[in-house]
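A.B. asks: Quick one: the structure is below, and I'll ask about it shortly.
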Amino acid sequence: MTYLVAAIGGAILVLYLAGLIALYWLQGRLVYPGERSTVAQPLDFDQRFVWVSVVTADGLGLACRYCPPQVNTSLCVLLLHGNGEDLRNRSVIAERLVDEGYGVLQVEYRGFAGNPGRPSEQGLYADGRAALDLMESAGVPVVIHGYSLGSGVAVHLAAERRCAGLILEAPFTSIVAVAKTRLPWLPVERLTMDRYDSLSKIGHVHVPLLIYGGDEDRVIPPSHFEQLHAAANSPRQLVVIPGAGHVDVWECGGERHVLEFLRQLARKV
């Protein structure tokens, strides 16, 4: 019996260690499942947009989709998509914003949709900075909109660069906090390399903020939205949309709140 207990305990320990190793080595695939997923520049894109190359500080040329604002005084929105997406997934939002007269830059991350490089936390920050550089050169106020993984990039950019406003769709407090809800039995705080710790950074953001997400989000617990909102500076707004999950927040009511937020900003800049 003692031998059997020891064997079972040993097997459990081996499986646990194997899980630790797998999590450490495969976390890139878990955080960036959209890496090298699709080909850039689908043919069905709105012809109001043009393809531009954004060059990062480390020399990568990223294919991005851009439409300038229709009026000189209009805002320009930087759209940062989620980890399993490419530009097509945000095209409905981008085109709706253009319908309203706003400019839009959809930045595609390194390693995604045919772009060179490999994604990483610091790499995506560099991608976002390069996109902001391009938008700022146009001389129009910039609003940063980040969805899911993109929210982590958006908070970092808004904390270190000037912008007119920040919009976070289905944001997380940190990658570590998300991982803990999925893998509570593993020491994810010690293993996670790319952390995107938005909760520690959002207090450094000093522009109007809109956070919106669904109350049925099964990927990012809605408590993350509330924690970010509580830690943020005013003016800030939290909208939790009934019946919305992780991928349908815009369609379930987020559109109305985003457009109203942008209208209010446009009147002030």
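A.B. asks: Among the residues of the range 254-269 satisfying the criterion of being touching a residue at least 60 places away in the same chain (Cβ under 8 Å) and crowded, with 17+ Cβ neighbours inside 10 Å, which is farthest from residue 163 (Cα to Cα)?
C.D. replies: Of everything passing the filter in the range 254-269, 254 is farthest from residue 163 (Cα to Cα).
A.B. asks: Kindly indicate whether any position in the range 209-224 is surrounded by 13 or more Cβ atoms within 10 Å (Cβ to Cβ), in contact with a Ser or Thr (Cβ under 6 Å, 6 or more places away or on another chain) and either among the polar types (S, T, N, Q) or under 22 Å from residue 125 (Cα atoms) (or both).
C.D. replies: There is at least one residue in the range 209-224 that is surrounded by 13 or more Cβ atoms within 10 Å (Cβ to Cβ), in contact with a Ser or Thr (Cβ under 6 Å, 6 or more places away or on another chain) and either among the polar types (S, T, N, Q) or under 22 Å from residue 125 (Cα atoms) (or both).
A.B. asks: Yes or no: residue 246 under 15 Å from the mean Cα position of the chain (by Cα), at pLDDT 95 or above, part of a loop (DSSP other than H, G, I, E, B) and closer than 19 Å to residue 82 by Cβ?
C.D. replies: Numbers: under 15 Å from the mean Cα position of the chain (by Cα): yes; at pLDDT 95 or above: yes; part of a loop (DSSP other than H, G, I, E, B): yes; closer than 19 Å to residue 82 by Cβ: yes.
In short, yes.
A.B. asks: Given the conditions (1) within 18 Å of residue 31 (Cβ to Cβ); (2) at pLDDT 95 or above, and given that residue 216 satisfies all but one, which numbered condition is not satisfied?
C.D. replies: (1)
A.B. asks: Restricting attention to the range 95-113, and to residues there that are assigned to a loop (DSSP other than H, G, I, E, B) and not aliphatic (A, V, I, L, M), which single residue is farthest from residue 138 (Cα to Cα)? Working first, answer last.
C.D. replies: Applying the first criterion (assigned to a loop (DSSP other than H, G, I, E, B)) to the range 95-113 yields 100-102, 107-111, 113.
From the residues that got through so far, the ones that are not aliphatic (A, V, I, L, M) too are 100-102, 108-111.
Values: 100: 19, 101: 16, 102: 13, 108: 19, 109: 21, 110: 23, 111: 26 Å.
Per the criteria, the residue is 111.
A.B. asks: So for the range 59-72 (the condition being more than 27 Å from residue 174 (Cα to Cα), surrounded by fewer than 16 Cβ atoms within 10 Å (Cβ to Cβ), at pLDDT 90 or above and more than 18 Å from the chain's Cα centre (by Cα)), does at least one residue qualify?
C.D. replies: Going through the range 59-72, the residues more than 27 Å from residue 174 (Cα to Cα) turn out to be 59, 61, 63, 65-72.
Next, only the ones that are surrounded by fewer than 16 Cβ atoms within 10 Å (Cβ to Cβ) stay: 59, 61, 70-72.
From the residues that got through so far, the ones that are at pLDDT 90 or above too are 59, 61.
Filter once more, so that each one left must be more than 18 Å from the chain's Cα centre (by Cα): 59, 61.
There is at least one residue in the range 59-72 that is more than 27 Å from residue 174 (Cα to Cα), surrounded by fewer than 16 Cβ atoms within 10 Å (Cβ to Cβ), at pLDDT 90 or above and more than 18 Å from the chain's Cα centre (by Cα).
A.B. asks: Applying the selection to the range 163-182, what residues are touching a Phe, Trp or Tyr at 6+ places or on another chain (Cβ under 9 Å) and in contact (Cβ under 8 Å) with a residue 60 or more places away in the chain?
C.D. replies: Of everything in the range 163-182, those that are touching a Phe, Trp or Tyr at 6+ places or on another chain (Cβ under 9 Å) and in contact (Cβ under 8 Å) with a residue 60 or more places away in the chain turn out to be 165, 167, 168, 169, 170, 175.
A.B. asks: Within the range 215-232, work out how many residues are free of Cβ contacts under 8 Å to residues at least 60 places away in the same chain and in a loop (DSSP other than H, G, I, E, B). Quick ask: steps written out before the conclusion?
C.D. replies: If we filter the range 215-232 for residues that are free of Cβ contacts under 8 Å to residues at least 60 places away in the same chain, which is where we start, we get 215-218, 221-227, 229-232.
Those still in the list that are in a loop (DSSP other than H, G, I, E, B) too: 215-218, 221, 232.
Residues in the range 215-232 being free of Cβ contacts under 8 Å to residues at least 60 places away in the same chain and in a loop (DSSP other than H, G, I, E, B): 6 in total.
A.B. asks: It is to be established whether one or more residues within the range 245-253 are among the aliphatic types (A, V, I, L, M), within 26 Å of residue 127 (Cβ to Cβ) and crowded, with 23+ Cβ neighbours inside 10 Å.
C.D. replies: The first filter runs over the range 245-253 and keeps only residues among the aliphatic types (A, V, I, L, M), leaving 247, 249.
Then drop every residue that is not within 26 Å of residue 127 (Cβ to Cβ), which leaves 247, 249.
Next, from what is left, pick out any that are crowded, with 23+ Cβ neighbours inside 10 Å: 249.
Checking the range 245-253: at least one residue is among the aliphatic types (A, V, I, L, M), within 26 Å of residue 127 (Cβ to Cβ) and crowded, with 23+ Cβ neighbours inside 10 Å.
A.B. asks: What single numbered condition from (1) in contact with a Lys or Arg (Cβ under 8 Å, 6 or more places away or on another chain); (2) of a type in the set (D, E, K, R); (3) at pLDDT 95 or above fails to hold for residue 189?
C.D. replies: Answer for residue 189: the failing condition is (3).
A.B. asks: Against the condition surrounded by 20 or more Cβ atoms within 10 Å (Cβ to Cβ) and at pLDDT 95 or above, how does residue 78 come out, does it pass? Lay out the reasoning, then the answer.
C.D. replies: On the way: surrounded by 20 or more Cβ atoms within 10 Å (Cβ to Cβ): yes; at pLDDT 95 or above: yes.
So residue 78 passes the test.
A.B. asks: Condition check: farther than 29 Å from residue 264 by Cβ and of a type in the set (Gly, Ala, Ser). Does residue 101 satisfy that? Step through it out loud before you land on a result.
C.D. replies: On the way: farther than 29 Å from residue 264 by Cβ: no; of a type in the set (Gly, Ala, Ser): yes.
When the stated conditions are applied, residue 101 does not pass them.
A.B. asks: Given the structure, is residue 126 at pLDDT 95 or above, within 18 Å of residue 83 (Cα to Cα) and surrounded by fewer than 24 Cβ atoms within 10 Å (Cβ to Cβ)?
C.D. replies: Numbers: at pLDDT 95 or above: yes; within 18 Å of residue 83 (Cα to Cα): yes; surrounded by fewer than 24 Cβ atoms within 10 Å (Cβ to Cβ): yes.
Yes, satisfied.
A.B. asks: In the range 233-244, which residue that is surrounded by fewer than 16 Cβ atoms within 10 Å (Cβ to Cβ) and in contact (Cβ under 8 Å) with a residue 12 or more places away in the chain is nearest to residue 74 (Cα to Cα)? Even if it seems obvious, please write down each step before you answer.
C.D. replies: Going through the range 233-244, the residues surrounded by fewer than 16 Cβ atoms within 10 Å (Cβ to Cβ) turn out to be 233-235, 242-243.
Retained after the next criterion (residues that are in contact (Cβ under 8 Å) with a residue 12 or more places away in the chain): 233, 235, 242-243.
Values: 233: 25, 235: 21, 242: 31, 243: 32 Å.
By that ranking, first place goes to 235.
The values are calculated or read from the model by the stated rules, or taken from the named source; none is laboratory data. Quick caveat, the model's predicted, so the values are computed rather than measured. Backbone-built Cβ (ideal geometry, glycine too); neighbour counts: all protein chains shown.
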